[in-house]
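Inspection log for the structure reproduced underneath, given as structure tokens.
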Amino acid sequence: MVDIGTLSLILLLGMFALLAIGMPLGFASAFLAVVTLVLKFDVDVLFGTFGRGPLSVLGQAVYRQMTNYVLISVPLFIFMAALLERSGIARDMYASLNRWLSRVRGGIAFVTSIMAVIMAAMSGIIGGEVVLLGLIALPQMLRLKYNQNLAIGTICASGSLGTMIPPSIVLIFYGLVTETSIKALFTASFLPGFMLATFFILYIWFRTQMNPEEAPLPPEDPNDPKGAEKGLMFLGFLCRMGLWITGVLVARALFFTLTGANVVTEGVDPIPLGMVSDLPWLVGEFIVFGLLLFFVVGKERSAAGWEMGKGLVAPTVVIGVVLGSIYGGITGITEAAGMGVVAVFVISLLRGEMTFDIVWDSLIRTLKSTGTIIWVTIGAAALAAAYTLAGGPTYVANMIVGADMPTMGIILVMMFVFLIMGMFMDWVGIVLLIMPVFLPIVVKLPAEEIGWFGSVEARYIPIWFGVVFCMNMQVSFLSPPFGPAAFYLKSVAPAHISLTDIFRGFLPFIALQLLALSVLLAWPPIVTLFL
């Protein structure tokens, strides 16, 4: 029987060796799970006590992961992202954003980042966003002679924001593995996700202001509105959107009032924006939007503004359906994903874009992506269970605690491990293999010693650590040698752009991601602010 220290080293070296020869992570993990049982117990454990003993624990661990209801949301979000990519919703959104920002220095890069945020809030899928932005935005930026590194970095860094911004698949998996509230994780990740997006936008603005030649302005369109006129048109578009949104919310609150569903009950959370006390505010906002529309903007400007910005309406509806149903207390995560798929399908159908070929192609892509995730989940769940049976988590915990490091020192070591593993391993494997070892250690650390400015309450530590982990995984999507964002972009980039060029374009954005990670570590309250 091999001692746990030697076994841990064998597993670490074995994982790198198997990945280096090209074995898929799911099969490598499953193989090492069997190796762990044989080395720690005996070969008889596989055949002599079939259906009982350690081997049955592996089966139970895999079964528990595969039968978790929330797991169904993963293929649904992937399917929704595939439908969005094939339909014209994303292209129209890009066109609308580009109309508003066409005369801004670095406007297309800004549009790309903003579009990535909206796409992330719709589906939470990373690969599809990078490919879609590469198809839509990269040719435009290269045609206008944008700096190639700026264009590449903007697309890949912004396209990976789906890791942080709800409904993030990474957060869903983290919640499943650690039994943490996924809704709380979504709430906690809002501010850090938008903070990172803001870092990207500010960097683009600063870089293009300092070096205007890196983002030339497009030729001026004589029909394009200018200055205050364009601003009033945009205000008109926002007012029209505001009238629609507040109108729906007023009707919803009236429905709850008439049916008696929004009666204040002790111990029951009030319906968000659906209580009687919300009606005066909603009606007031509706009236303000109407007054601005008719007395400030004017009918013609608002009509022109609506025509310029109507490509943003469909994405707003999808986001409202997915996130609104979750935070409105209407559905859970899985049901919200299903509603999002229906919303995208119906909108595309009404636009006359939905065909059998699009649905079939989206289903095939969903099947392939989900199959990859499921096999990784099965293998990693088996290896995690086998390593736990062998006493691995206890060994690692004792080794870290025995190093007599300060609390933040322990967390920084964990961050370093995540960064290194992220260079070589898919995030699914990291969540399933490493998180069951690290999280119990973090939970037992003194809460008051976490962070340098402010602290985090003990009950929020799993949520804070999950958001920090997701920010870490942001870096892994760009990190060489296996940063997946690079390969996604390479699949649709012009032939003259090499992988070396793509990784070179990442460098400033990796620094921004590490800066955002540092903010979360130094100032934990930014994560728990909305909880």
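Before moving on, here are some points about what is shown:
- The condition (being part of a helix (DSSP H, G or I) and surrounded by fewer than 17 Cβ atoms within 10 Å (Cβ to Cβ)) is satisfied by just one residue among Leu258, Leu235, Leu249: Leu258.
- Whichever residue in region 98-129 is outside any helix (DSSP H, G or I) and in contact with a Pro (Cβ under 7 Å, 6 or more places away or on another chain) and, among such residues, is least open to solvent (accessible area, probe 1.4 Å): Gly124
- Residue check, Thr377 touching a residue at least 60 places away in the same chain (Cβ under 8 Å), of a type outside the set (A, V, I, L, M, F, W, C) and open to solvent by 30 Å² or more (accessible area, probe 1.4 Å): no
- For region 465-496, a residue qualifies if it is in contact with a Leu (Cβ under 8 Å, 6 or more places away or on another chain) and in contact (Cβ under 8 Å) with a residue 60 or more places away in the chain, and the qualifying residues are Gly466, Val467, Cys470, Met471, Gln474, Ser479, Ala485, Ala486, Leu489, Val492, Ala493, Pro494.
- Selection status of Gly247, more than 15 Å from Arg99 (Cβ to Cβ) and free of Cβ contacts under 8 Å to residues at least 60 places away in the same chain: yes
- A Cβ distance below 8 Å, combined with a sequence gap of six or more or placement on separate chains, defines the contacts here; from region 443-454, residues that are open to solvent by 20 Å² or more (accessible area, probe 1.4 Å) reach residues that are of a type in the set (Ser, Thr, Tyr) in the pairs Leu445/Thr407; Pro446/Thr407; Glu448/Ser455; Glu449/Thr407; Glu449/Ser455.
- Of the numbered criteria (1) farther than 21 Å from Val467 by Cα; (2) modelled with pLDDT of 85 or more, the one Gly159 fails is (1).
- Scan of region 19-33 for residues that are touching a residue at least 40 places away in the same chain (Cβ under 8 Å) and surrounded by fewer than 17 Cβ atoms within 10 Å (Cβ to Cβ), ordered by number: Pro24, Phe27
- Of the numbered criteria (1) part of a loop (DSSP other than H, G, I, E, B); (2) under 28 Å from Thr372 (Cα atoms), the one Gly193 fails is (1).
- Subset tally (residues that are surrounded by 14 or more Cβ atoms within 10 Å (Cβ to Cβ) and out of contact with any Asp or Glu (no Cβ under 9 Å at 6 or more places or on another chain)) for region 199-216: 9
- Some residue of region 184-202 being of a type in the set (Val, Ile, Thr) and modelled with pLDDT under 90: no
- Check on Ala95, part of a helix (DSSP H, G or I) and open to solvent by 30 Å² or more (accessible area, probe 1.4 Å): yes
- Wholly within region 277-369, helices (runs of 4 or more DSSP H) carrying at least 2 residues that are at pLDDT 85 or above and surrounded by fewer than 16 Cβ atoms within 10 Å (Cβ to Cβ): 279-291, 299-309, 333-350
- Residue that is aromatic (Phe, Trp, Tyr), modelled with pLDDT under 80 and either open to solvent by 40 Å² or more (accessible area, probe 1.4 Å) or under 20 Å from Leu367 (Cα atoms) (or both), where the choices are Phe16, Phe77, Phe41: Phe41
- Exclusive hit being at pLDDT 85 or above, open to solvent by 10 Å² or more (accessible area, probe 1.4 Å) and either touching a strand residue (DSSP E or B) at 6+ places or on another chain (Cβ under 8 Å) or farther than 25 Å from Ser160 by Cβ (or both), set Pro462, Pro406: Pro406
- Residue check, Gly59 open to solvent by 50 Å² or more (accessible area, probe 1.4 Å) and at pLDDT 75 or above: no
The values are calculated or read from the model by the stated rules, or taken from the named source; none is laboratory data. Only a predicted model underlies this, so the values are computations on that prediction, with no experimental measurement involved. Because the Cβ atoms are built from the backbone with ideal geometry, glycine has one as well, and the counts that use them run over all protein chains shown. Side chains included, ligands, DNA and RNA excluded: accessible areas come from the protein's heavy atoms. Shrake-Rupley method; radii C 1.70, N 1.55, O 1.52, S 1.80 Å.
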